[in-house]
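The structure appears right after this line, and notes come after that.
Every number in this text was worked out from the coordinates using simple rules, so none of it is lab data. All figures in this text were calculated on a predicted structure; none of them were measured in a lab. Using ideal geometry, Cβ is built from the backbone for each residue, glycine included, and neighbour counts are taken over all protein chains shown.
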Amino acid sequence: MTHALERLNQQVARLAEQAKQFDNAKWFDKNRYIQAQPSLFDRTVFATKSLVLSDYIDEITAQIRHLPPMENRHAYGFALQRVATQIEAVIKVLKSTPVWAKENKTNYTKKNKVYKKAVQKIMQSSHELYQELSQNHEFERRLMEMIDLRKIQLDKASPEQAKQLNQEILALHARLGRCRKAISSTEVKIQHVEKQQNR
């Protein structure tokens, strides 16, 4: 997970250099329509209001730096999706000038895919695998509670009831074993994804 974020940071750093070049070229100085706008982007995409592209890169960098904790899967995934949307919006502006588009068309299409891939890798881990792991742990907890409950009931049970409860306990232990195998399998998958990100 950390390595994928590191790569995303490196890619945003490269994007920051390109935004500086773009700002220095003053592409928008002759465009009266853009000069009349309070902001380059819709306020639903960026909180920043500026006609300087580098200011928006600063917001993206700050967003990545202050991502919610990974334990909070929904908020973490939502924040990453916002970063992906912002990166795509900046790339569109970078491609908006005829000279820039001509010189960098292939390069930016490729880079856009790289950004998306980096975000998707993080999303896959956090959304799918960690969600699966969380569900399996919850299932394990509930099975252990059910076993404990039947063990308490055993103390007050008649011989016939005790026989039934012991059978249920055995069946629950079998389910618990399968559940723990699933947890181990998911953990192996997570390690595999993180190794892939580390390459």
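Below are the figures for this structure:
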{"item": "Convex hull volume per residue for the stretch 130-198, taking Cα atoms only, in Å³", "result": "56 Å³"}
{"item": "Backbone HN-Hα couplings from phi across the stretch 149-163 [Karplus 6.51/-1.76/1.60, Hz, Gly and Pro as x]", "result": "4, 5, 5, 5, 5, 4, 4, 9, 7, 6, x, 5, 5, 4, 4"}
{"item": "12 Å beta-carbon shell around residue 79, net charge (K/R +1, D/E -1)", "result": "+3"}
{"item": "Relative contact order %, the stretch 130-198, counting alpha carbon pairs below 8 Å whose residues are six or more apart", "result": "47 percent"}
